[in-house]
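Everything below concerns the one structure shown next.
The values are calculated or read from the model by the stated rules, or taken from the named source; none is laboratory data. A quick note: this is a predicted structure, and the numbers were derived from the prediction, not measured. Heads up, the Cβs are rebuilt from the backbone with ideal geometry, glycines too, and the neighbour counts pull from every protein chain shown. Keep in mind that these areas ignore ligands, DNA and RNA; they rest on the heavy atoms of the full protein, side chains included. Shrake-Rupley method; radii C 1.70, N 1.55, O 1.52, S 1.80 Å.
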Amino acid sequence: MHGGLTGVVVLFGGALLTAWLMRAVRLPTILGFLAAGIGIGPWGLNLIYPEKIEFFANLGLVLLLFTVGLELSPEPLFRLGLRVVFAATIQIAAAALGIAVVGHLVLDMSWPTALLIAGIVSMSSSTAIVLKHLSDRGTVDTPVGMLLVGISVFQDIAVIFVLAMLPLLAGHVAAGQGWEHALGRSGAALAGLVGVAFAARLVLPWITRQVARFGGRELMTLFAVFMAGLGAWCADWADWSWSLGACITGLLLGQTDLRHQLQAEIIPFRDVLNALFFMTIGMMADLAFAAAHPVLLAVLVLGVLLLKAAFGAIGVLVSGWPFRLAVVVGIGLSTISEFGYVLAAEAARLGLLPQEHLAPIITVTVGTMLVGALLMTVSERLTDVLSSFFRPRESRLSAAAEHGPTPTSHVIIVGYGVNGQNLARVLRSTGIPYFVVEMNRRNAHTARQEGARVIIGDAARLSILQSAGLATARALVISIAEQWATRHITAQAHAARPDLYILARTRFVTELEVLYRLGARQVIPEEFETSIEIFAHVLKEFAIPDNVVEQQVRLIRGGRYGMLRGRPSDRTLRTEWMRILEAAVTQTYMLFAGSVACGRTIRELDLRARTGATIAAVTRKGEAVTNPDPGFRLQDGDVLVLVGSHKQLDAAKVFLDPPPADEAAES
């Protein structure tokens, strides 16, 4: 027991320390977990008993892959269409073929072993690293994020299928049976798996309804952890991988009505599970192999990263996405994932992979995770460098995609999402010419159907902006969600046209000053604009005049949202704020029949003496009478322009309002 408790304290103490250090130096925490695992493992300080390492690794994997299965949804595949399947297939097949050829010809492996290792390496990329990177930067919903998640989903589905096939294949090959018999038995086993899954889908909704009916948060969390353990136990009983059983259980629960609630209960543990798994993977790295073959290890790690990134980028590029997006996605797909470790360990356990190859595979996996996590943080800069050497076909042809003369004094809209479409409709209705730059072909097709002139390409390339008439444009509106691309487009557009009005949209508070510094005239932060709309409606509900609300909005925007960002306002701003609130303001008021003012002259009404408010003007039948004479007689339908303080205007409104219907009847 003492040893087990020591392991728990060392593991999570090391995770806490490294997470804090990585946050301090702004590096991925997963990088720290892997390094900490290497440091406290048997090849470092040896603080964890070797026999405990595999148990901790399997426990972390069970819970981690249960959450992966719970979140695994085909929605990204449906949203992106068959192109994402095509891109993923090219990446897996081409990388596997390249790695297998190198393994057979250079490393002198047999073809079966080389193909098996190539499949393990190429079939999956680290979903945990990708999702952590995207969620930390808030870019899950961007084109890069959606494509990375879509390809990762396809890879995970493929790995689950292969994991289900491995025990069947191993058993029949070991027995020396024919391939026809093996395929027949495999098909029967898969049919049984489908039957069990179908039965579970019928039973689980009823079970989850009972849990939701009688349970609270603690019961929901316990149910999720129990189901993960039950799935792993069933898989172990069937001689399958624990992780496969937990992942399939998560998939089945993900189809129930409790999916989102279960996610809400177990997702807070994700960082803990990431720490547990990646630290144990780091402990399993064979530093003796690394010390004996440092050059070979470096070549293998860099070779895997290069091959997977290159073929991933080629697959995305061939499928119709632009060069910059293809490079970023390729880098994101370059690592070997946690599923790769599961595949390797399961193949070794079943005798399909020689045991002597398992430790080097784990070591290379750790190496790709370490380097790949770093590469993802600089993927945009790498894209800039590669873009300067390669001029892909799409950037040369995009300029010729639209025919006709380039308009002048037009608006360039970068991104045809919801914001871009709304802006385009307004510009179209007012007769202002515009050009759309969009790299999503579906959005570009929508823009063309709505009558827009479109260039399909990456606006981060200056040549694309020039093709859209940058030299003669009146304004550039950047409505995309990608942080790096927004910066890059703003900087190069301002450098080419310092006089151009550039309006940029951003999701991030930290981007405000950066984009202003790069040349944007106006930056619209989504969250702050929503906050402004909320408080504007609240103030109007309290009968605060529109002009006061507008002045307050102008103050906030004029100060670049400093008040909403928690910055202490200076004395001048506070004084101006109070002056606006206390100053005399203007409000309009329409007279209705029954008002005390109807039929009286301004002198007879004597509104100023009664309330303090002054009648500055009167509008009657569309004609304005400014500074009306005291003998001007008021009538039903007149619109009075009143001037006074908030308190005076409120009193005037009460005085001028017609009496309630019951009081009028009594009188």
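Taking 0.36 nm per residue of separation and subtracting the Cα-Cα distance, what length does fully extending Gln449 through Arg23 add?
148.7 nm
Based on Cα positions only, what radius of gyration and what Dmax would you give for the range 79-162, in angstroms?
14.8, 45
With Cβ to Cβ distances under 15 Å as the rule, what net charge do the other residues near Trp20 carry (K, R +1; D, E -1)?
Net local charge, Trp20 excluded: +1.
How do 111-122, 458-469, 596-607 rank on mean C-beta neighbours within 10 Å, highest first? Don't skip to the end; give the middle numbers.
Working: 111-122: 21.3, 458-469: 22.8, 596-607: 16.7.
Packing order, densest peptide first, comes out as 458-469, 111-122, 596-607.
At Lys653 and Val378, where each label point lies 7 Å from the Cα along Cα→Cβ, what is the point-to-point distance in nanometres?
About 6.1 nm, to one decimal.
Take Arg620, project a point 7 Å from its Cα along the Cβ direction, then tell me which residues of the range 587-612 have their backbone nitrogen under 14 Å from it.
Residues passing the 14 Å test: 591, 598-603.
I want the local charge near Ile92. Using Cβ-Cβ distances under 14 Å, sum +1 for each Lys or Arg and -1 for each Asp or Glu among the other residues.
0
Treating only the Cβ of Lys, Arg, Asp and Glu as charged (+1, +1, -1, -1), what charge dipole size does the range 223-371 show about its Cα centre? Round to the nearest 20 debye. Please list the in-between numbers first.
Values: 5 positive and 9 negative charges, 93 e Å.
Taking the Cα centre of the range 223-371 as origin, the dipole is about 440 debye.
Between Phe632 and Arg608, what is the label-point separation in nm under the 7 Å Cα-to-beta-carbon projection?
A separation of 1.3 nm, rounded to one decimal place.
Accessible area per residue, 1.4 Å probe, Å², for the range 305-381: what's the number?
27
Rank by packing, highest mean first: peptides 514-524, 293-303, 245-255, with packing defined as the count of other Cβ atoms within 10 Å averaged across residues.
The packing order, highest mean first, is 245-255, 514-524, 293-303.
In nm, to one decimal, how far is the Ala593 label point from the Thr510 one, both placed 7 Å along Cα→Cβ?
Rounded to a tenth, the inter-label distance reads 6.5 nm.
Around Thr335, which amide H atoms from residues at least 5 apart in sequence, or from another chain, sit under 5 Å from its own amide H, with H modelled in the peptide plane?
Ser126
Calculate the FRET efficiency for Ser429 and Ile534 from the Cβ-Cβ distance with a Förster distance of 22 Å, rounded to the nearest 0.05. Each step should come with its number before you reach the end.
Working: r = 28 Å, r/R0 = 1.25.
Once the sixth-power term is evaluated, E becomes 0.20.
Calculate the FRET efficiency for Arg441 and Ala292 from the Cβ-Cβ distance with a Förster distance of 41 Å, rounded to the nearest 0.05.
Calculated transfer efficiency: 0.25.
Would you kindly state how much longer the chain becomes between Glu356 and Val225 on full extension, computed as 0.36 nm times their sequence separation minus their alpha carbon distance, in nm to one decimal? Walk me through the intermediate numbers first.
Working: separation 131, 0.36 × 131 = 47.16 nm, distance 3.43 nm.
Full extension from Glu356 to Val225 adds 43.7 nm.
Volume per residue, Å³, of the convex hull around the alpha-carbon atoms of the range 260-339?
Given the Cα convex hull of the range 260-339, per-residue volume reads 131 Å³.
Roll a 1.4 angstrom probe over the protein heavy atoms and tell me the percent of accessible area of the range 349-389 that is carbon or sulfur.
Carbon with sulfur: 68 percent of the solvent-accessible area.
Estimate the FRET efficiency between Phe12 and Tyr501 by the formula 1/(1 + (r/R0)^6), using the beta-carbon distance for r and 51 Å for R0, to the nearest 0.05.
Details: r = 53 Å, r/R0 = 1.04.
Rounded to the nearest 0.05, the efficiency is 0.45.
Let me check I've understood the local charge: for Gly367, count other residues with C-beta under 14 angstrom from its C-beta, Lys and Arg +1, Asp and Glu -1. What total comes out?
Summing Lys/Arg as +1 and Asp/Glu as -1 gives 0.
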